[in-house]
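Scroll down for the structure; my scribbles are underneath it.
FYI, it's all coordinate maths here, none of it is from the lab. Note that this is a predicted model, so its numbers are computed, not measured. Cβ sites come from the backbone with ideal geometry, for glycine too, and all protein chains shown count toward neighbours.
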Amino acid sequence: MKRGAIGILALLVIWEVLGRTVFAGSRAVPPPTAILTQLRTDGLAFYWPNIRTTLREAGEGWLWGNVFSHFLSGTVGIFRPSLQASEFMLSTLSLAFSMTGLLIAYLLYLRYPGLPTFIAWRIKALYQLLLDKYYIDQIYDAVVSRPLFLIAQYVLFRGVDYYMIDGLVNGTGTTVEAGGDAVRRVETGNVQHYALVYLIGAVGIAAFYLYMVLR
């Protein structure tokens, strides 16, 4: 508890120093004392319209984005914000949300370290959904990765590459090799075989001409 308070105090001091020195000429990062002065002067009502508008537009953007706005623009017109927020207001809100996040992190992980486990147990389904990132990776794997892998493995690799391309190339080589082996068996180098083949050819030609004359 003491260390957490010291850390928050140190963060506030650094924030004040930066706001008074580095960002003194800009209203983008107002120091904490300036924010407290603004709150004391105008009250929370000064910030509430900006907070409400920011939450509403953030929710609309998170749910639908610009697609839904463009879809409805033909009926309701193009959306234009009803309230223009200054840099000081937006910076104050951003810093307030940041400080709120730091406070929640301190409470959950330093002050009550067992609380996150209890919350995860109570909302187990939501916790698992957020832990698995809305199952986007599983859906992408089932819809995109696995079908592409199966197509590449069984259609492109085995069907096209292995059987068609490799089959055509290897089949051509096998045909030439088989033809050469068959011709090689005819060329034995034995003179008696060559003389016998020559004699058979000569007898065949003579018989053919004799048949043509006698017919």
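Could you list, bin by bin from short to long, the percent of Cα-Cα pairs of segment 81-162 in 10 Å steps?
With 10 Å bins starting at 0, P(r) equals 14, 18, 20, 21, 13, 11, 3.
Given ILE123, VAL144, SER98, which one lies farthest toward the positive end of the charge dipole of segment 86-162, if we put +1 on the Cβ of every Lys and Arg and -1 on the Cβ of every Asp and Glu?
The Cα lying farthest towards the positive end belongs to ILE123.
Taking the Cα centre of segment 136-215 as origin, sum charge times position over the Cβ atoms of Lys and Arg (+1) and Asp and Glu (-1), and report the length of that vector in debye to the nearest 20.
I would put it at about 520 debye.
Can you give me the Rg/Rh ratio for segment 108-215, using Cα atoms for both radii and the Kirkwood formula for Rh?
Radius of gyration relative to Kirkwood radius: 1.72.
State to the nearest 20 debye the size of the charge dipole of segment 132-177 about its Cα centre, where the only charges are +1 on K and R beta carbons and -1 on D and E beta carbons.
Here the size comes out at about 120 debye.
Short version: ³J(HN,Hα) in whole Hz for each residue of segment 204-210, in order, from phi by Karplus 6.51 cos²θ - 1.76 cosθ + 1.60 (θ = phi - 60°), x for Gly and Pro, what are they?
Along segment 204-210, the couplings run x, 5, 5, 5, 5, 5, 4 Hz.
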